[in-house]
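J.: Here it is, the structure in full.
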Amino acid sequence: MVRLFSLLSVFAVLMVLTAGVGVYWISADQIAEVKQNSAAAVAKSVAVGISAQVNFLTQSLEKMALDPVVSAAVIRAESTELTAVAATLEKYLPGVLKVRLLLPGVSELDDKNVPKMGYADLDMVRETLTKNQLPAIQGDNGPDRHLAITRRIMHNEQVVGVILASLNYDFISKALQAAELKNGHLELRQAALVLGAAGDPVSAALSDDVQIKVANTGWELHYQVADSASSTGLTFIVEMIAVPALLALLAFFMGYRKLSSLLTHDLGSVLKAYKDMMKNKLQGTYPVKLTEMNAVVSTLVQFKRVMDNQGDDVSSGNHAIDLEMSRFFDEPEDLVTAGARTKGVNFNKAVTEKTQPAKLEMADHNVPDSNTATLK
C-alpha cells in the first residue's frame, strides 16, 4: 500500500507541475504581447508629447520671423538694432536661452554669449536660407548644449535673414520620466546622440529595440520591454506551482495514514470475529469502519454456518445447502456490491429442524464514521 500511495502521489505531483508549467508557458506569450503593446502605447504618447512641444516652439518662432519689425531690422542690418529686437523676442519664447538675428552670408561664430553658436549652428543657418531645417540639439555637452530652431525671415518673398533660437531642452527628459515605463527602457536619440532616457538600464533581458519617429523632428524614440518576468514575478509563479504540489503530497500522506488506520482497525475486528467463530464464542457486534468490510464479516459467518450444518443437511437429504455451497465460492462482482447486499439482511433462517445455525444481522448503530457487523 505504501508503494501504491507513493506512485499515486508522485503521479499527482507530476500532473500538478505539468499543468502549472503548461499554463505558465501558454500565458507567457500573451503576457509578453501585452507588455509590448503597453510599452508601444507609452512610447507613442511620449513621442506625441515631445513632438507637440517642439511644434509649439517652432510655430512661435515662425510667427516671430513674420513680424515686420524683425524683417525691417534685418534689412537695415544695424547690429545694435538686431541685438535689441532679438532681446525683445526672447521675452515671448518659453524656455529660450538666446535669440539671434543673422544676415545671409554669415560666417562668424559667436563664442561670447551662452550658449555659444558653433559650427553646427552655422551650418544649420546656411541650410535654412534654402529650406527650413528640422529642430536639432547642438553644441558641446554642458551649458553650450541647446535646442536649435531656425526660420527664414522673408520680405517680398525673398529671404533677407535667419532667426536662430537656442532653447532649453529639459522638457525632453521630463516627458520621458513622466512616462513611468515599468520593466522597460525608453531612449530618445538624435542619430548616435542620446538626448534622454528613462526606465531600466539596457540589458540582454530586454526585447529587441523598436523605434518610433518623432514628428517635426529628426529624432527617434527607442523602447524595449523585459522579455521575461522579474525575479519577484518568477518567485510568485514558482510558489503558485509548488504550493498545489505540496498540498497534493500532504493529501496523499494524510490519506495513507487514515486508510492505514482504518484497515488496521477493521482487520482486527475481522480476525477477532474469525477467532470467536472458530471457538464458537460469537459476540454481539464486531464494529468496522469501512463499509467494504461488512461483506468480509458476513461471508465468514455464512461460511461457518454452512460448514457447521453440512453434515446434518447431507444426512437429511436437504439439497439447499448444496446450492448455497455452490454459490458461496462464486467470485462477487465487487466488495461494495457484496456489502450492500448484506446490509439489512437477516441470516436467521433455519436450514434444518434439528439445528439452528449462527445468524448475522447488519444493524446500523449511531456510531460516527463506522459500520457495525452484528452477529446473532
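J.: Any idea how far apart Glu78 and Lys258 come out in nm if each label point goes 7 Å out from Cα toward Cβ?
T.: 10.4 nm
J.: Give me a comma-separated list of calculated 3J(HN,Hα) values for the stretch 102-117, in order, Karplus coefficients 6.51, -1.76, 1.60 applied at θ = phi - 60°, integers in Hz, x for any Gly or Pro.
T.: After applying 6.51 cos²θ - 1.76 cosθ + 1.60, I find 10, 8, x, x, 4, 9, 8, 8, 10, 10, 8, 9, 10, x, 6, 9 Hz.
J.: Check Leu290: other-chain or 5+ apart residues with amide H under 5 Å from its amide H, H built from backbone geometry?
T.: Those qualifying (amide H under 5 Å, at least 5 residues apart or on another chain) are Asn371.
J.: Still on this model: Given 0.36 nm per residue, what is the gain on full extension from Asp208 to Asn113 after removing their alpha carbon distance, in nm?
T.: 29.9 nm
J.: What residues qualify as long-range amide H neighbours of Leu97, i.e. H under 5 Å apart, gap of 5 or more or another chain, H built at 1.01 Å from N?
T.: Ser166, Leu167, Asn168
J.: I want to check the label-to-label distance for Asp123 and Glu180. Put each point 7 Å from Cα in the C-beta direction and report it in nm to one decimal.
T.: Each label point is offset 7 Å from its Cα along the Cβ direction, giving 4.1 nm.
J.: Given H placed on each backbone N at 1.01 Å, which residues far from Gly161 in sequence or on other chains put an amide H within less than 5 Å of it?
T.: Placed amide hydrogens put Ile153 under 5 Å from Gly161.
J.: Counting Lys +1, Arg +1, Asp -1, Glu -1, what net charge surrounds Ala84 among other residues with beta carbon under 15 Å of its beta carbon? Write down the numbers at each step before the final one.
T.: Numbers: positive: Arg76, Lys91, Lys98, Arg100; negative: Asp67, Glu78, Glu81, Glu90.
Local charge sum for Ala84: 0.
J.: Suppose R0 equals 22 Å. What FRET efficiency, 1/(1 + (r/R0)^6) with r the Cβ-Cβ distance, do Leu250 and Trp25 give to the nearest 0.05? Provide the component values of the computation, followed by the final result.
T.: Details: r = 26 Å, r/R0 = 1.20.
Efficiency at R0 = 22 Å is approximately 0.25.
J.: What is the ratio of the Cα radius of gyration of the stretch 38-119 to 2.2 N^0.38 Å, with N the residue count, to two decimals?
T.: Cα Rg divided by the expected 2.2 N^0.38 Å: 1.40.
J.: Further, regarding this structure: Residue-wise, which Karplus ³J(HN,Hα) couplings in Hz belong to the stretch 91-100, taking 6.51 cos²θ - 1.76 cosθ + 1.60, θ = phi - 60°, and x for glycine or proline?
T.: Per-residue couplings from phi come out as 6, 10, 10, x, x, 7, 9, 7, 10, 10 Hz.
J.: Please compute P(r) over all alpha-carbon pairs of the stretch 70-170, binned at 10 Å starting from zero, and give each bin as a whole-number percent.
T.: Pair shares across the bins are 16, 51, 30, 2.
J.: Further, regarding this structure: Counting alpha carbon pairs within less than 8 Å and at least 6 residues apart, what relative contact order, in whole percent, applies to the stretch 70-170? Could you put the intermediate results ahead of the total?
T.: Values: 178 pairs, mean separation 29.6, N = 101.
Relative contact order comes out at 29 percent.
J.: Then there is this: Residues with beta-carbon under 14 Å from that of Met117, excluding Met117: net charge, scoring Lys, Arg +1 and Asp, Glu -1?
T.: Taking every other residue near Met117 into account, the sum is -1.
J.: Test of understanding: ordering Thr130, Thr285, Thr58 by Cβ neighbours within 10 Å, fewest first, what list do you get?
T.: The most exposed by this proxy come first: Thr130, Thr285, Thr58.
J.: Quick one: net charge of Glu108's neighbours, Cβ under 13 Å, K/R +1, D/E -1? Provide the component values of the computation, followed by the final result.
T.: Working: positive: Arg100, Lys112, Lys116, Arg126; negative: Asp110, Asp111, Asp121.
Residues close to Glu108 contribute a combined charge of +1.
All of the numbers you see were taken from the coordinates with simple rules; none came from a lab. The shown structure was predicted, so the numbers you read here are calculated from the model rather than taken from an experiment. FYI the Cβ positions are ideal-geometry reconstructions off the backbone, even for glycines, and counts take in every protein chain you see.
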